[in-house]
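The values are calculated or read from the model by the stated rules, or taken from the named source; none is laboratory data. In this text the structure is predicted, and so the values were computed from the model without any measurement. Glycine gets a Cβ as well: all are built from the backbone with ideal geometry, and neighbour counts include every protein chain shown.
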Amino acid sequence: KSIVILVSGRGSNMEAIVRAAIPGARIAAVISNRPDAQGLQFAAGRGIPTAVVDHRHYPDRAAFDAALAEVIEGHGADLVVLAGFMRVLTDDFVRRFEGRLLNIHPSLLPSFPGLHTHRRALEAGVRVHGATVHFVTPALDCGPVVIQAVVPVLPDDDEERLAARVLAEEHRIYPQAVRWFVEGRLQLEGGHRMRVRGEG
Ligand code: GRF
């Protein structure tokens, strides 16, 4: 299966997926909307094709997404993995890749969709927090959940410590979700449901 990973910055989730060396998965390309994304250097160093589709060069979201979709399709993607990709995608884009588009979000969805999830979790006083891998559907951060990881919120936590604890789990669950997809075990059932086949 060919996998295209989209990043905007650090790319540590992309790195975790690449390092997982998932049998049957070929990382076809790493694409960034920002030319200075750190993740691009790691990918290039691994001999993975990289591309930049700079959103600032397009008049609107629709034009950017259309260009992005072309580059992705050019790599023959069976699966598109959003890994810290910080652009909201249009409904047209999402529908085009429906069922083969995954995202990771740093909270236990449906709690804390959107930005600054760790700060908001601390402010809310929740005792557990975490990360979610989900299929992307047109509503932001709302698609069917594939896998979640839970971490405790500890008394002395600040945003940075909590983020680091969550990130370590992201690096575990995202490769797992991609592995399931590649094994043909993830099935989007329409509406809000999905199924992981062959689990215990
Ligand atoms: C991760 O916390 C991810 O969940 C969020 O943005 C961060 C990206 O980190 N969407 P990285 O670029 O994968 O290191």
Cβ-Cβ under 7 Å pairs, at least 6 apart or on other chains, region 163-180 side within 10 Å of the ligand (Cβ to nearest atom), far side of a type in the set (A, V, I, L, M) and assigned to a helix (DSSP H, G or I): H171/A16; Y174/A16; Y174/I17
Among the residues of region 122-160, the number that are at pLDDT 95 or above, among the charged types (D, E, K, R) and crowded, with 16+ Cβ neighbours inside 10 Å is 1
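Might you let me know whether region 134-154 holds any residue that is among the hydroxyl-bearing types (S, T, Y) and touching a strand residue (DSSP E or B) at 6+ places or on another chain (Cβ under 8 Å)? Please lay out each step first, then the result.
Of region 134-154, the ones among the hydroxyl-bearing types (S, T, Y) are 137.
In the following step, the residues that additionally are touching a strand residue (DSSP E or B) at 6+ places or on another chain (Cβ under 8 Å) were identified as none.
No: zero hits.
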From the list A37, A29, which residue is out of contact with any helix residue (DSSP H, G or I) (no Cβ under 9 Å at 6 or more places or on another chain) and crowded, with 16+ Cβ neighbours inside 10 Å? A37
Could you tell me which residue of region 31-90 is nearest to the ligand (Cβ to nearest atom), considering only residues that are free of Cβ contacts under 8 Å to residues at least 12 places away in the same chain and either among the hydroxyl-bearing types (S, T, Y) or in a loop (DSSP other than H, G, I, E, B) (or both)? D36
Sort through R120, R185 and tell me the only one that's away from the ligand (no atom under 12 Å from the Cβ), of a type in the set (D, E, K, R), free of Cβ contacts under 8 Å to residues at least 24 places away in the same chain and under 29 Å from S2 (Cβ atoms). R185
Region 1-15, residues that are buried (at least 20 other Cβ atoms within 10 Å of the Cβ), within 10 Å of the ligand (Cβ to nearest atom) and outside any loop (DSSP other than H, G, I, E, B): I5, V7, N13, M14, E15
